[in-house]
Amino acid sequence: MTAVNPIIPGFAPDPSVVKVGEWYYLINSSFHLSPGLPIYVSKDLLSWHQIGNAIYRRDQLSLARSNTNLSTQSPTGDILLATGGLYAPTIRHHNGIFYVVCTNAIRADISSLDSNSVKQNFILSAKDIWANEWSDPVYFDFHGIDPSLFFDDGKVYVQGAAAQGISMFEINLLTGERISPERTIWTGSGGLYPEGPHIYKRNEWYYLMISEDGTHENHMVTMARSKDIWGPYETCPNNPILTARGTSEYIQHVGHCDAFEDGEGKWWGVSLGVRKASNGSCILGRETFLTSGRWDKEWLTFDMVKLIPTDPVRREGTYDLSAAPNVDFVYIRDADLSKYDISNDGTQVTLTASRTDLSHPSLSPTFVGKRQRRLTGESIVTLRHPSGVSALDKLKAGLVCYKDEHRYIRLFYEASNSEIVFEFLNNAQKTVNTEKHTIHSFEQLTLRMTYTEQSYWLSYRADTSSDKGFTHIASVDALQLTDRDFVGPVLGIFAVSEDDGPVVKFTDFSVK
C-alpha cells in the first residue's frame, strides 16, 4: 500500500476537522499568507481537495503586522523564528452553520518580541461552506491563542491557551460578548506551553485534549476529564496519549491534535508533524497527518503517527489539493491584487513590479506562489524579456522559494546588469550567498528550481543558448532552510523594481 500520510503535505500545521454529513472539512494555520486559513474536503480521509479559504477578502482583516521575529531560545541558543498572522484555527458546525475561531497574532512593532504581540481573536461563520463566502470577523476579548469552540446544552464555550494555562468562558457567537467570567480549567500534565485545547463529550464526561512542550522535538498531546465542564479536571494516567518524542520515527514533532469520529464509529486524530530526513532537515515544515484512535478504559489513545496508519483504510489515497481555479495560489500579507493578472489555469502570470522586496517585514511584495507539497519535484517558469524596461528601473524578476522575510532562495533576471542572479538568504543562520551569470540577450528565459528532501538545485536556460540545455548556477542544502520555525516553503514568482510600474510577463509557471 502506498503512503497515506501526510494527508495535507507541505506547510499545513495545526489541523482541525469537523464531519458534516458524508464530508470531512479540514482547516490549517496560514500565518502571513493570504488568502488565509485554507479549507480542504474529503469523503474518505485520504483524498483531499481545497475548496476555499476562510480569510479571502482583504477587508476581513489585515496581515500587515505578521512579520517574523527572531529570538534566542535558552539554554540551547537556537534561534526561534516566530511568524505572526493566523494561528491555530478550529472549525466546528452547529445548527446548519460552520464556524471558524482563530487568532491573528499582531506584532507590536517590527522589532518586538513575541511576548509583546497583540492576540486578536475572532469568529467567522458560513452557512454554505462550498460557496466560500465567510462572514466578517466577530472579535472577542481573550488574551491568548489557539481558541476552540464547544457547544453543549444550548451554550457555547471558548477554550484557549492563556498565560496561566487553558482558559474557558461562555460566549455569544453573534456579538463576541462574554457571558461568563474566564476561568483556568487545566494547567496541563506538567509540560511547558499548554495550548491547542479541544473539548469532547463522551458518556457524561468532558474530555479536554491539549498539546504541551512546544511545537518542536518535545511536542506531545495530553488529556484530562471532568464530570463538570468547568472542572476540576483529572489528568489521564496514560499521558501523553500521542507523541513522537524520544523515538527514532521518521515523523517527528507530533502534536496539536483534533479528534473526531467517522461514520462507522471509529475514532481518528489529525495532528501536525514533520518528516525528518536522515540529515536532520525537515524541509516542508509542519504538515497534517492522520492517525487512528480508540477509547481504552474510558480514555482516548492514539497510535503512533506513521506514513501508513495502523488500522486499515477504505482505499489508497491520492493528493488532490486544488479544486477551484487558482484556489491554492497565495500572496504575502496584504496583497494589492491589481498588480496581478493570472490565467484560469495558473500558468500565465503578469506581474506589475513594486518597490517592496521579499525582505520587507510588513509590506506585501509583488509575489504569488503555491505551497511546496512534494519532497521531490520542480518549479519552473519562463520569463519574457521585459519590454520598455531600462537599466534605471533596476528590475528584478524571477523564481523564488520563500519562507519569510528572513529566509528565501531565488533565481532572477536583473535588468540593470543583464545578469542571472542566484541569491540565498537565511538571517537565522547568518547566511547570505550569491552567484551571478551575465546574459547578453534573450526573448525568453526559463528558470528552474529542482528539489529533493536533501537539497535545491537552481538552473536557467535562455532561448539564445546554443545547446538549449539548462545551465546550473547553484544549489542549497535543505538543512540551510531548516530552522525552529512555524512556516513552510512557498514556491512562486516575483517582480521588484526601484520604480513602481514595470510589467513582467511569465508563462508556463508550474509547481510539481
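In table form, for the structure just shown:
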{"quantity": "Two-decimal Rg to Rh for segment 399-465 - Kirkwood Rh, Cα set", "calculated": "1.00"}
{"quantity": "Dipole magnitude (debye, nearest 20) for segment 331-511, charges at Cβ of Lys, Arg, Asp, Glu", "calculated": "340"}
{"quantity": "Shape of segment 2-55, Cα gyration tensor, a/c cut at 1.5", "calculated": "oblate"}
{"quantity": "Residues Thr288, Thr235, sorted so that the one with the fewest Cβ neighbours within 10 Å comes first", "calculated": "Thr235, Thr288"}
{"quantity": "Cβ-based net charge around Ser354, under 14 Å, with every Lys or Arg adding one and every Asp or Glu removing one", "calculated": "-2"}
{"quantity": "Long-range HN-HN contacts of Leu242 with modeled amide H, under 5 Å", "calculated": "Val221"}
{"quantity": "Average projected area [Cα convex hull, the chain], square nanometres", "calculated": "23.3"}
{"quantity": "Overall form of segment 16-302 per C-alpha gyration tensor (a/c, 1.5; a/b vs b/c)", "calculated": "rounded"}
{"quantity": "Rounded, prolate or oblate (a/c below 1.5 giving rounded, otherwise prolate when a/b exceeds b/c) for segment 331-511 by Cα gyration tensor", "calculated": "rounded"}
{"quantity": "Relative contact order (percent, whole number), segment 331-511, Cα cutoff 8 Å, 6+ residue spacing", "calculated": "34"}
{"quantity": "Extension reserve of the Glu378-Ser418 stretch, reckoned as 0.36 nm per residue once the Cα distance is removed", "calculated": "11.9 nm"}
{"quantity": "Those aspartates and glutamates that a straight Cα-Cα span of less than 16 Å connects to Lys43, excepting residues fewer than 8 apart in one chain", "calculated": "Glu22, Glu261, Asp262, Glu264, Glu316, Asp320"}
{"quantity": "For Arg373, Arg286, Arg333, Arg58, order by how many other beta-carbon atoms lie within 10 Å, fewest first", "calculated": "Arg58, Arg373, Arg333, Arg286"}
{"quantity": "Sequence-separation-based contact order of the chain, relative, with Cα cut under 8 Å and 6+ spacing, percent", "calculated": "15"}
{"quantity": "Cα-Cα over 22 Å, subset of Lys127/Lys266; Lys127/Lys155; Lys339/Lys430; Lys276/Lys403; Lys436/Lys468", "calculated": "Lys127/Lys266; Lys339/Lys430"}
{"quantity": "Length-normalised contact order of segment 16-302 in % [C-alpha pairs under 8 Å, at least 6 apart]", "calculated": "10"}
{"quantity": "Computed magnitude of the charge dipole of the chain (debye, nearest 20; Cβ of K, R +1, Cβ of D, E -1)", "calculated": "420"}
{"quantity": "Sorted by Cβ neighbour density within 10 Å, fewest at the top, the residues Glu498, Glu287, Glu22", "calculated": "Glu22, Glu498, Glu287"}
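Readers should treat all values here as calculations from the given coordinates under stated rules, not as data from a laboratory. This structure is a prediction, so every number in the text was calculated from the model and none was measured. So basically every Cβ, Gly included, is an ideal-geometry build from the backbone, and we count neighbours across all protein chains shown.
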